[in-house]
Amino acid sequence: MSTDVTHSFTLPLDDPTAVELAVTGGKGSSLARLAAAGLPVPGGFHVTTDAYRSAVAGPPQQAILAAARDVDPDRPETHEAAAARIAEVFTALEVPEPLADAVRAGYASLRAAGGFPDGAAGGSTAGSAPAVEPAVAVRSSATAEDLPGMSFAGQQDSFLNIRGEGALLRAVRDCWASLWTARAIAYRARRGIPADEVMLAVVVQRLVDADAAGVLFTVDPMTGSRDRVLINAAWGLGEAVVGGRVTPDTFYVARAGGAVERAVSTKEVRTVRTADGTRDEPVPAALRDRPSLTDEQAVRLAALGIRIEELYGVAMDVEWALHDGTPSVLQARPVTGAAGRS
């Protein structure tokens, strides 16, 4: 396999080419920009839109477009029917071996780099037990998402705590398939985005074993005020917050002076890692009414959000995670709507 072919299918997270929307999609492009700027982004790599294009080339793409042609934006039953037909395409799809090799090589580079919270690093030494495969987050990144004035947040799938080459390749394929859920098909159809123009990249990153996680806005999303940064936080991985399954704590951090105002919620549920994925579990009683951030951590996160806003020049919506007091940026997108334009 040639190096050129490999690099068309995968790119290092901070590769200069990776900032191009057409190459790595909205989420991937943003993460590449953040990583290149030296912001605390978990290490990883991109599976590019070239990989998606190669995987579906020929009959699979023909079947996808044929199903999409029958979609009526105003008839939900056509969205469901198209999604069911396209799901069959991806169930039968075999990842081409050159592409699979490129993904395996990217995963091997993460394994060699180490730094995983469970201690998984390289291979085992002679006479020792095999190393645990590193856990990664596998996130969809469409070419029409995280754009100013148009948010596709949550339209495609992400998979957390994926371990091993086989599971990683299946997660990549499942991300591709999620480009064609009924919800995603309907969203694009109503906005007039042609089916043959949208592509999907995938971001593979070291999983942050978050003690707390959430989202922050560098502008008040309701009022448009820029006097303070708003942070939502809860225990565990951020999926319970993003998915609305927990009422998070809210922290307001003043830009001038850093004063913190907080409203602590009773947090009933948290998302945690399991041996083969994630699950929601009850929050231990001792933590339910305890603030998920200290004031110092909130101030540090607000400063990080402001740095990201300065990089982009617009108000930002940032997903973050905190492990052992150290923050990581999981993704960042411009705030949409009137608040983002104010």
For the pair residue 22 and residue 261, what calculated FRET efficiency results from E = 1/(1 + (r/R0)^6), where r is the Cβ-Cβ distance and R0 = 45 Å, to the nearest 0.05? 0.60
Exposure rank, largest accessible area first [46, 323; 1.4 Å]: 323, 46
Difference of contour (0.36 nm per residue) and Cα-Cα distance, residue 37 to residue 323: 100.8 nm
Rounded to two decimal places and with Rh computed the Kirkwood way over Cα pairs, what is Rg over Rh for the range 198-280? 1.06
Around residue 308, under 12 Å between beta carbons, what's the net of Lys plus Arg minus Asp minus Glu among the other residues? -1
Given backbone amide H placed at 1.01 Å from N, residues whose amide H is under 5 Å from that of residue 10, ignoring those fewer than 5 places away on the same chain, are 48
Amide H contacts under 5 Å for residue 331, placed H, 5+ residues apart: 319
Sort 295, 196, 227 by heavy-atom solvent-accessible area, probe 1.4 angstrom, most to least. 227, 196, 295
HN-Hα J in Hz across the range 176-185 - Karplus 6.51, -1.76, 1.60, θ = phi - 60°, x for Gly and Pro: 4, 4, 5, 5, 10, 6, 4, 5, 5, 4
Around residue 260 (Cβ within 13 Å, Cβ-to-Cβ, excluding residue 260; K/R +1, D/E -1) the net charge comes to 0
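The values are calculated or read from the model by the stated rules, or taken from the named source; none is laboratory data. As the structure is a prediction and not an experimental result, all values here were calculated from the model. Cβ sites come from the backbone with ideal geometry, for glycine too, and all protein chains shown count toward neighbours. Side chains are part of the model used for accessible areas, which takes the heavy atoms of the whole protein and leaves out ligands, DNA and RNA. Shrake-Rupley method; radii C 1.70, N 1.55, O 1.52, S 1.80 Å.
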